[in-house]
Every structure is written in structure tokens, then in C-alpha cells.
Amino acid sequence: MPSPYSMVNKRINTPTVMAYVKGTSQSSAHDSPPRQPALVKSRTVDSGARVVARNVGRRFTTASGSVDACVDIDLTVEPGSFCVVVGPSGCGKSTLLRMVAGLDHPTTGTLDVSRLDGRAPTNAMVFHGRTLFPWLTLQQNVAYGLKLSGMDRNARLARARELLGMVGLVDFQRAWPHQVSEGMRQRTSIARALAVNPDLLLMDEPFGALDEQIRYLLQEELLRIWERTGKTVIFVTHSIDEALILADKIVVMSAHPGTIREVIDVPFPRPRFMTEVRSDPAFADLFTTAWSILREEVETGGAFTEGTA
Ligand code: ADP
Ligand code: MG
């Protein structure tokens, strides 16, 4: 039975575009055995990975020429912190996330993902849209990565149940993806990503397809989970509002080819509650700061006509 790690070594991705992968740590990435996933009950920064990007760029060469998806990315994401990336469409957000996941590689610069204790970091990705296996129940979807890692059936189903409980779906564990709402499917995707206890959670516009009320509920749910587990999170969104609710720091990227325009520290205390954050006078100031930068990039960078979402 292949482990999730071999999925990456062989560059095999599942049709769900879900990835359970090793980080891009240059040091011990191939030496350490897979760690048995375990639900972390209290928050410790030790359980998160550190991401350090120095002058990272990614150039794609296509039949019609070359395109720089992103250039000169300098970024440090500390273990256990919540980093949100915003930027115009086509500025390289997904490319950056894929490189951090080890699914793609920089063509310039260095990108290092490591743990403080030197062990090889793991990561998992959550995307928006239909990413669950339609032929598996919610419980089986959550247990899927654990099956690949060799965990026995009873243990993995028990853990999947625990995680579905964490996202409020234990009563729906035997449902098929088409029988539940989009919000419930997305909660299942989050549970599935958490199942392998990754050091780094990479989320690419995970709530982009959801209506606003469900989005609000999931944002708070994600915050509660993150506060409990202490993972490092890199979260991509189009929404400044979402970024301010979630982030320790917001990375604002320029229009294509994307680079970092500004890093905004978000000072609201934790645990955070959306209503408190929104009623804080600093919220409006930070929103204005972020939007004025982003607006400039969207308007002057040609993001209306170039790039892809
Ligand atoms: P974002 O997620 O910010 O919308 P992407 O990372 O998807 O942006 O894409 C950034 C740029 O890189 C876009 O111009 C896109 O067309 C280009 N790009 C992304 N992936 C590839 C690829 N595999 N081949 C060629 N160009 C690509
Ligand atoms: Mg994208």
C-alpha cells in the first residue's frame, strides 16, 4: 500500500486535486518515516511548519512563449501562524501555493518548508469546488488519506468520525457527497485535509463558491479548528474581509506577474469572533489600507484582461 508520501515522490495527484504531501524542505525531506497522524488537542507552535521563500519566481514555458507567474517572492511564514494571501486574478497565488506544497518548483530563488524539530513537514491542500470522491461517503472521503498511509480500517473510520464531529457533520458520515450541501462538502474537505495531521494547511480560495452566510460560519469554524491544532495555514482569498477575520498577516500581491506589494499585520486578539473584529475601529482602517493597494493593482495591472483565475 503506497503511503501519501510516495504519491508525491511519483508526482501522482488524485483526481480530487487533494494532496497529502511532504514539504519542500531540502534537509531531511527523504529521510524521516511518515508520522502516524494524531489529533492535536492543544495548540503548540511545534506542530506547524515554517515557510521561507527567498526571491522565488516561477516561469512557465509554453508553445506561445514564456510567462512569469510570480517573481521575487520574499516571504516568511512562522510556525503556527495564519497567513492570508490576496491579489488580483492571475497574479500567481495558486502557483505559489502549489510550490509550497511541493507540487511545483520555483525556477528562481529558494523555497524552504521545515519544522523546528528538523522532522520532515507534511502538508495538505483544500480547494474550492467539487473535490470529494462522489463514490465514497463523507466518512470514507475523510478516511481516504489514512487508508493510503496504511492505517487499519477501524482506526481510520474512527478518526474520520472524530474529524467529522469537529466540523459538525457526524450525523452525515454515511451520506454521499451529492446528498449534502456545498458548505457541508467543503467542511468535509477540511476534515479530510486535517485527517493526516499536516504541519501546513494550504487553502486555495476554499470558501470561494459558498454563499455569504455559510462562508461566515466556516470562517469561524476554521478559526476554532486552527486555534486548537496550531497548524501553519496559508490561505488564498479574493476577499479582504475574509483576510482580516482570519489572518495574522495579510500578504498583498501585485498584478501579474505577482510579487509581494505589502505585508499587513492584523492585530486583532485571539480567539477571534467575527462580530468583534468587524466592530473594531481598526477593521475599517485596515480594510481601507488593503483595498487601496489591491484596487491599484487590479485597475492598473490589467487584471481585468490578463491571466486566469
Ligand atoms: P492566481 O491563482 O493568482 O489566479 P495562477 O497562479 O493560477 O494565478 O496563475 C498565474 C499566471 O501563471 C497566469 O498568468 C497563468 O496563466 C500562468 N500559469 C499558471 N499555471 C501555468 C501553467 N501550468 N502553464 C502556463 N502558464 C501558467
Ligand atoms: Mg488561483
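The values are calculated or read from the model by the stated rules, or taken from the named source; none is laboratory data. If you're wondering where the values come from, they're calculated on a predicted model, not measured in any experiment. Methodologically, a virtual Cβ is constructed for each residue, glycine included, from the backbone with ideal geometry; neighbour enumeration extends over all protein chains shown.
Before moving on, here are some points about what is shown:
- Identification of helices (runs of 4 or more DSSP H) wholly contained in the stretch 63-180 with 2 or more residues that are closer than 27 Å to ARG272 by Cβ yields 93-100, 153-166.
- Condition check for LEU294: more than 16 Å from ligand 2 (Cβ to nearest atom) and buried (at least 22 other Cβ atoms within 10 Å of the Cβ): no
- Among the residues of the stretch 55-68, just one is near ligand 1 (Cβ under 10 Å from one of its atoms) and surrounded by 24 or more Cβ atoms within 10 Å (Cβ to Cβ), namely ARG58.
- Condition met for ALA158 (surrounded by 24 or more Cβ atoms within 10 Å (Cβ to Cβ) and over 18 Å from the mean Cα position of the chain (by Cα)): no
- VAL86 modelled with pLDDT of 95 or more, under 24 Å from PRO206 (Cβ atoms) and within 13 Å of ligand 2 (Cβ to nearest atom): yes
- Residue check, LEU138 closer than 30 Å to SER292 by Cα and either in contact with a helix residue (DSSP H, G or I) (Cβ under 9 Å, 6 or more places away or on another chain) or buried (at least 24 other Cβ atoms within 10 Å of the Cβ) (or both): no
- Among the candidates VAL251, VAL298, residue that is out of contact with any helix residue (DSSP H, G or I) (no Cβ under 6 Å at 6 or more places or on another chain), touching a residue at least 40 places away in the same chain (Cβ under 8 Å) and farther than 24 Å from ILE225 by Cβ: VAL298
- Identity of the residue in the stretch 69-78, more than 13 Å from ligand 1 (Cβ to nearest atom) and surrounded by fewer than 22 Cβ atoms within 10 Å (Cβ to Cβ), that ends up farthest from the chain's Cα centre (by Cα): ASP72
- Qualifying residue in the stretch 201-215 (condition: more than 16 Å from ligand 2 (Cβ to nearest atom), modelled with pLDDT of 95 or more and closer than 20 Å to ARG272 by Cβ): yes
- For the criterion of being more than 15 Å from ligand 1 (Cβ to nearest atom), more than 20 Å from GLY301 (Cα to Cα), in a strand (DSSP E or B) and touching a residue at least 60 places away in the same chain (Cβ under 8 Å), VAL52 passes.
- Top-ranked residue in the stretch 136-155 [being under 20 Å from TRP176 (Cα atoms) and of a type in the set (Gly, Ala, Ser); ranked as nearest to the chain's Cα centre (by Cα)]: GLY145
- Residue in the stretch 287-304 that is among the polar types (S, T, N, Q) and under 27 Å from ARG59 (Cα atoms) present: yes
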